2 protein chains.
Amino acid sequence: MSVPTCELCNATGGTLLWQNDLCRVVSVEDGDYPGFIRVIATRHVREMTDLTEAERNALMGAVFAVEAAMRETMQPDKMNLASLGNMTPHVHWHVIPRFRDDRHFPGPVWSEPKREAVIPAERVERARRLALALPARLGTGRP
Amino acid sequence: MSVPTCELCNATGGTLLWQNDLCRVVSVEDGDYPGFIRVIATRHVREMTDLTEAERNALMGAVFAVEAAMRETMQPDKMNLASLGNMTPHVHWHVIPRFRDDRHFPGPVWSEPKREAVIPAERVERARRLALALPARLGTGRP
């Protein structure tokens with residue numbers, strides 16, 4: 001089902017890195033958070049429990065595959081995972097590598113900023129490598 | 001493994017509603033968010049991908065069982081799920097029923113408040129019923 005007014009039914013929601021029938025994995029262009037990835041359900045469902053159990057497990061499998069690749073490539077101080085969707089109620093997971101020196105740490109990325117972040121060039125390079133590594137980690141799919 | 005300095009190794013982290021060997025389910029006393037539940041890993045692991053796949057699936061099974069019960073009982077406008085742990089790096093999931101009139105909607109609960117929330121008495125009552133319903137929904141376990 002596709003909903004005409006839904007942003008995630010009508011746009012990719014980031015730079016497409018991988019997709020299968022169930023979901024797509026996109027990189028989010030956020031200057032404060034290189035390596036920020038979203039895993040977005042293909043069909044329009046509001047909540048995880050609107051998916052079948054098999055779909056839910058497969059979607060979480062993709063989220064955790066992204067987490068594993070992100071930890072290896074980016075070596076964050078902490079992983080953050082969240083499915084919120086208050087503004088865009090179409091299931092999508094935020095998968096965010098967090099660092100002690102990032103803009104909001106130890107707050108969530110949605111909290112008041114703690115500092116102006118200066119992103120090390122190496123972190124941007126690691127994010128680039130993550131984007132390149134993800135398709136192989138996620139297995140067959142397009143692209 | 002238990003870590004002496006870890007808040008979630010040393011305290012329940014809320015009112016205990018259910019537990020098994022893998023995890024416990026607690027209600028969070030937050031006046032703005034009746035029905036706020038946390039699912040907390042028993043052993044000290046920083047990230048979901050530090051668990052085995054079987055543990056991860058079982059833990060998410062508990063999270064989604066809580067979500068299902070919460071949707072039925074509380075009928076929220078949106079479910080929010082998050083595993084952050086920047087301040088307490090011991091795996092725990094926030095499972096939060098969100099309502100259009102709550103303190104931060106449509107922002108995450110960690111964002112700047114949008115309003116002073118007035119919690120309907122019925123919502124508090126539904127949260128009470130959720131806490132009572134969860135043990136049966138989660139199956140065998142203590143208490």
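Chain A and chain B together bury an accessible surface of about 2900 square angstrom, both sides counted, with a 1.4 Å probe and no ligands or nucleic acids included.
If only the Cβ of Lys and Arg carry +1 and only the Cβ of Asp and Glu carry -1, the dipole of chain A around its Cα centre is close to 240 debye. For A:Gln75 and B:Val118, the FRET efficiency from 1/(1 + (r/R0)^6), where r spans their Cβ atoms and R0 equals 45 Å, is about 0.50. Rolling a 1.4 Å probe over the protein heavy atoms leaves A:His92 with an accessible area of roughly 20 Å². Along the axis of the charge dipole computed for the range A:1-140 (Cβ charges of +1 for Lys and Arg, -1 for Asp and Glu, origin at the Cα centre), the listed residues A:Pro89, A:Ser2, A:Thr52 are led at the positive end by A:Thr52. Computed over the range B:1-100, the P(r) curve from all C-alpha pair distances, binned at 5 Å from the origin, holds 2, 13, 25, 26, 18, 10, 4, 1, 0 percent per bin. Expressed as a whole percent, the accessible area of the protein assembly as shown that falls on carbon and sulfur atoms is 52 (1.4 Å probe).
Taking the Cα centre of the range B:85-138 as the origin, how large is its charge dipole in debye, to the nearest 20, when only Lys and Arg (+1) and Asp and Glu (-1) carry charge on their Cβ atoms?
180
Need one word for the range A:41-143: rounded, prolate or oblate. Basis is the Cα gyration tensor (sqrt eigenvalues a ≥ b ≥ c); a/c below 1.5 gives rounded, then a/b vs b/c decides. Because a/c hits 1.5 or more and a/b fails to exceed b/c, the range A:41-143 counts as oblate.
The mean number of Cβ atoms from other chains found within 10 Å of a Cβ in peptide B:103-114 is 4, as a whole number. Annotation for the range A:12-83: GluC sites (Glu not before Pro) lying in DSSP loop with at most 11 further Cβ atoms inside 10 Å of their Cβ are A:Glu29. Classified by the C-alpha gyration tensor, the protein assembly as shown has a rounded form. Its axis ratio a/c, with a ≥ b ≥ c, is below 1.5. Can you list the aspartates and glutamates whose alpha carbon sits under 15 Å from that of B:Lys114, skipping same-chain ones fewer than 8 residues off? Of all the aspartates and glutamates, those that pass the test against B:Lys114 - Cα under 15 Å, at least 8 places apart if same chain - are A:Glu112, B:Asp32, B:Asp101, B:Asp102.
The values are calculated or read from the model by the stated rules, or taken from the named source; none is laboratory data. What you see is a predicted model, and the numbers here were worked out from it, not measured in a lab. Note that we place each Cβ from the backbone using ideal geometry, even for glycine, and neighbour counts take in every protein chain shown. Ligands, DNA and RNA are excluded from the accessible area calculation, which covers all protein heavy atoms including side chains. Shrake-Rupley method; radii C 1.70, N 1.55, O 1.52, S 1.80 Å.
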